[in-house]
1. With each run of n ≥ 4 DSSP H residues scored as -39500 (n - 2.57), what mean residue ellipticity at 222 nm is computed for the chain after dividing by its residue count and rounding to the nearest 500 deg cm²/dmol?
2. Quick one: Karplus J couplings for the stretch 14-28, per residue in order, coefficients 6.51, -1.76, 1.60, θ = phi - 60°, nearest Hz, x for Gly and Pro?
3. Which FRET efficiency, nearest 0.05, do L39 and R106 yield, Cβ-Cβ r, R0 41 Å?
4. Which of the lysines could be linked to K68 by a straight reach, that is with a Cα gap under 17 Å, when you skip same-chain ones fewer than 8 residues away?
5. When Lys and Arg each count +1 and Asp and Glu each count -1, what net charge do the other residues less than 14 Å away from V63, Cβ to Cβ, add up to?
6. Could you tally the net charge around S127, taking each other residue with its Cβ under 10 Å from the Cβ of S127, Lys/Arg +1 and Asp/Glu -1?
7. Take the Cα radius of gyration of the chain and divide it by 2.2 N^0.38 Å, with N its residue count; two decimals is plenty.
8. Ranked by Cβ crowding within 10 angstrom, fewest neighbours first, how are L54, L62 ordered?
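Read-outs: derived from the displayed coordinates by stated rules, not from any lab. Everything numeric in this text was worked out from a predicted model, so none of it was measured. With ideal geometry, Cβ positions are generated from the backbone for all residues, glycine too; neighbour counts draw on all protein chains shown.
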Amino acid sequence: MENKYVYLPVEEVKTQGNFIKAICFKPKTAPIVMIVVGLLMFVPRILLLALLGLFFIVMSALVLFYVKDFKVLDIFDQGVMIYGDKEAKLACFIPFEDIRMWTVKRDNGHDTAEFTLQDGSKIIKDSFEVDKAYRTLYGLIKEKEEKYMKAQEARKNQLSIPDALENIRNRFFKK
């Protein structure tokens, strides 16, 4: 299903509300922490520990200096601006009332922010900073977060004790 949002040049996108947070692709705090940990591994003067520390420093420096960073999302208090390309030249603004549900998924090194719109279409964006996006969006529109919605639905449909006993009986004592 095609959504009604078209990616336009960033200068033409009309935003609503006040800017809250920018979510970029590249992690910033993890490589810096790993450089500090790598430097601390030189303190005990153990060769294998120093080599591991050097490995941490080199890998973190590669991430900091050679991985290209680009904007993925800008979060406003009225909606989300989603960038369409790595140069951040194209974007679309989606007001919160047009978002039916959102979630953050973490797979093996593949973190994504997923937005399901009212028309059923989905927008999925990759980022290593999805935790920042989750905290910000949860503070703004937690009632549209997927796990929150499922928990609210589960609270509405609580089982009574006779229903729970019947479910247990059916599961363990099938004939």
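1. Mean residue ellipticity at 222 nm (helix-derived): -12000 deg cm²/dmol.
2. Computed from phi, the couplings for the stretch 14-28 are 8, 9, 10, x, 9, 5, 10, 7, 9, 10, 10, 7, 7, x, 10 Hz.
3. The formula returns an efficiency of 0.90 here.
4. Leaving aside lysines fewer than 8 places away in the same chain, those within reach of K68 are K26, K28, K86, K89, K125.
5. Residues close to V63 contribute a combined charge of +1.
6. Its environment carries a net charge of 0.
7. So the Cα radius of gyration is 1.43 times the expected 2.2 N^0.38 Å.
8. Going from least to most buried by this count: L62, L54.
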